[in-house]
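Just so it is clear, none of the values below were taken in a lab; they were calculated from the coordinates. All figures in this text were calculated on a predicted structure; none of them were measured in a lab. With ideal geometry, Cβ positions are generated from the backbone for all residues, glycine too; neighbour counts draw on all protein chains shown.
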Amino acid sequence: MRFVAVLFCGILWVGFAEAAELKFEQPNQVIVTEYGQKETVVDFTFTNLSEYTETIEGVTTGCSCSSTELLDKKMEYAPGETGTIQVHIDVSGIVGESTKYLEVYLVGDDVAKPSASLSVKISKPELISLKPKTLKWAVGAELEPKTIEISVLDGQEVNLDEFILDSETFVGKLNEIKKGRKYELIVTPTDTSRAPKMGVILLKTDSKVRGFAKINAYAVIVQKAG
């Protein structure tokens, strides 16, 4: 059988059917990594519950950032025998959450119907968090200010250099609460008479970490703020 690896890196968290022949102890796993961590390793242990020897023909991953190996270096498993598929995942480019998928094929499987589908949901602390990331005002609302709280991960220091707000519908003010650690961005609408209206806020920092030198936030006027 020839395998066609379909690249699919998503964030959707779903349940998967297990193989009839191979019983996986934890087919869907959740991993929390540390800031700055570059790789994580996840083990999927299984048992052959069938009455026959089963042969693993291949394991495909949905992302070039992942690689797999069978820890006992073999492909055939007798009835009742256990084994472990180990997955090495490059997490250096993950921001927030991401889910990686794997498909296990036994000899005789159709390429469209793997014997087992596995997943790893990875959660990685964000260097800089915005709460909330989007500020909303309902159409016709009072021109009252709202605040985005900006926090830097414990043990790290990042300075906010400036911000750019691309809409005349809003004005903003950046306050330093604790240098390199906490800031607040206060945004006030100048007109809420019409919707939709949106302003994109570009926050510039001195971070050298990919994805955090520039961060976007948003201010919007909507028909009904929720």
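Can you list the aspartates and glutamates whose alpha carbon is less than 20 Å from that of LYS197, not counting same-chain residues fewer than 8 positions off?
Straight-distance partners of LYS197: GLU142, GLU144, ASP166, GLU168.
Can you give the local net charge around PHE163? Use residues other than it whose beta-carbon is closer than 13 angstrom to its beta-carbon, Lys and Arg +1, Asp and Glu -1.
-2
Please provide three numbers in whole Å: the alpha-carbon extents of the chain along the principal axes, with the largest listed first.
Reported extents, whole Å, longest axis first: 72, 39, 26.
Convert each backbone phi in segment 140-145 into a coupling constant with the Karplus relation 6.51 cos²θ - 1.76 cosθ + 1.60 (shift: θ = phi - 60°), then list the ³J(HN,Hα) values in order as whole Hz, x for Gly and Pro.
Working through the residues one at a time gives x, 6, 4, 7, 9, x Hz.
What are the residues whose amide H is under 5 Å from the amide H of SER50, where those residues sit 5 or more places off or on another chain and H is modelled from the backbone?
The answer is GLY80.
If amide H atoms are built 1.01 Å from N in the plane of the peptide, which residues on other chains or at least 5 residues away come under 5 Å of the amide H of VAL91?
Answer set, sorted by chain and number: GLU39, THR40.
Output ³J(HN,Hα) for segment 62-74: one whole-Hz value per residue in order, computed from phi by the Karplus curve 6.51 cos²θ - 1.76 cosθ + 1.60 with θ = phi - 60°, and x for Gly and Pro.
Once rounded to whole Hz, the list reads x, 7, 5, 7, 10, 9, 10, 7, 8, 4, 8, 6, 9.
Length gain on complete extension for the stretch HIS88 to TYR35, per 0.36 nm per residue less the alpha carbon to alpha carbon distance?
17.3 nm
I'd like the antiparallel share, as a percent to the nearest 5, of DSSP beta bridges with both residues in the chain.
Antiparallel: roughly 85 percent of the beta bridges in the chain.
Which net charge results for the neighbourhood of VAL139, defined as the other residues with beta-carbon distances under 13 angstrom from its beta-carbon, given Lys and Arg at +1 and Asp and Glu at -1?
+2
Could you sort out which of LYS100/LYS136; LYS146/LYS208; LYS146/LYS178; LYS121/LYS146; LYS73/LYS124; LYS131/LYS173 sit more than 25 Å apart by Cα distance in this structure?
Beyond 25 Å between Cα atoms: LYS100/LYS136; LYS146/LYS208; LYS121/LYS146; LYS73/LYS124.
What net charge is computed for the residues neighbouring LYS173, neighbours being all others with C-beta under 13 Å from the C-beta of LYS173, Lys and Arg scored +1, Asp and Glu -1?
My count for the surroundings of LYS173 gives -2.
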